[in-house]
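The values are calculated or read from the model by the stated rules, or taken from the named source; none is laboratory data. All values reported here derive from a predicted model rather than from experimental measurement. We place every Cβ from the backbone using ideal geometry, glycine too, and count neighbours over all the protein chains shown.
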Amino acid sequence: MKKIFLLLLTIPFAFSAFAQKTATEYNDKIVDEQNKIGQRIIDFNYAVEAGEEMDLPLNLILEQINVSIEVLENLKPWEDGKALKNSALELFKFYKSIVSKEYREMVDILKHAEISETDAARLNTIMADVAEREKKVDYDFSTSQEAFAKRWNIELAPSELQDKIDGISE
């Protein structure tokens, strides 16, 4: 039943993904999917900070990532925009990997009744490792997006969602 529900959710996205009429719409569609994932990550972080149940928000991130990957896989590249699409897919797959592995491990540690020094050190190591690995995929996506924007004379606006995410990680 759950798979059917997810399939029903993705069908409208898949059809709308083919409807890009301009380079700006193409870029905005990719950014919109990234923002959906980002919002789920923010929701997860709020749950962690509040000491709330973390499994559901973690699963919601994964579900959104899977939907967003499917949307991008069905998105027809705008003329020479294949590099932008591919770098976004790599970024989303990176998100999927860290949420499935590192975030899961962090949740398991945070569920301990008491967090030991060893646990705290492991959490710090995980976060530092993820941040370091993320630099490359973020850079690749940003570079592809900037090149695409320059080619099609699109003005890129600062991301309010990114500001929220940056605020959480500080």
Looking at (1) exposed (fewer than 15 other Cβ atoms within 10 Å of the Cβ); (2) touching a residue at least 12 places away in the same chain (Cβ under 8 Å), can you tell me which one LEU161 breaks?
(1)
Within the stretch 89-110, is there a residue that is out of contact with any Pro (no Cβ under 8 Å at 6 or more places or on another chain), charged (D, E, K, R) and modelled with pLDDT under 95?
no
Can you tell me which residue among ALA147, ALA121 is free of Cβ contacts under 8 Å to residues at least 24 places away in the same chain and of a type in the set (Gly, Ala, Ser)?
ALA121
Look at SER116 and say whether it is at pLDDT below 95 and surrounded by fewer than 13 Cβ atoms within 10 Å (Cβ to Cβ).
no
Determine, yes or no, whether ALA131 is loosely packed, with under 15 Cβ neighbours inside 10 Å and either part of a loop (DSSP other than H, G, I, E, B) or at pLDDT 90 or above (or both).
yes
Residues located in the stretch 34-91, provided they are among the acidic types (Asp, Glu) and either closer than 17 Å to GLU134 by Cβ or in contact with a strand residue (DSSP E or B) (Cβ under 9 Å, 6 or more places away or on another chain) (or both):
GLU90
Take the conditions aliphatic (A, V, I, L, M), out of contact with any Ser or Thr (no Cβ under 7 Å at 6 or more places or on another chain), more than 20 Å from TYR139 (Cβ to Cβ) and part of a helix (DSSP H, G or I) and apply them to LEU58. Does it pass?
yes
In the stretch 86-113, the residues that are of a type in the set (A, V, I, L, M, F, W, C), within 18 Å of VAL48 (Cβ to Cβ) and surrounded by 13 or more Cβ atoms within 10 Å (Cβ to Cβ)
ILE98, VAL99, MET106, VAL107, ILE109, LEU110
Subset of the stretch 84-124, residues more than 21 Å from the chain's Cα centre (by Cα), β-branched (Val, Ile, Thr) and assigned to a helix (DSSP H, G or I), comes to ILE109, THR118
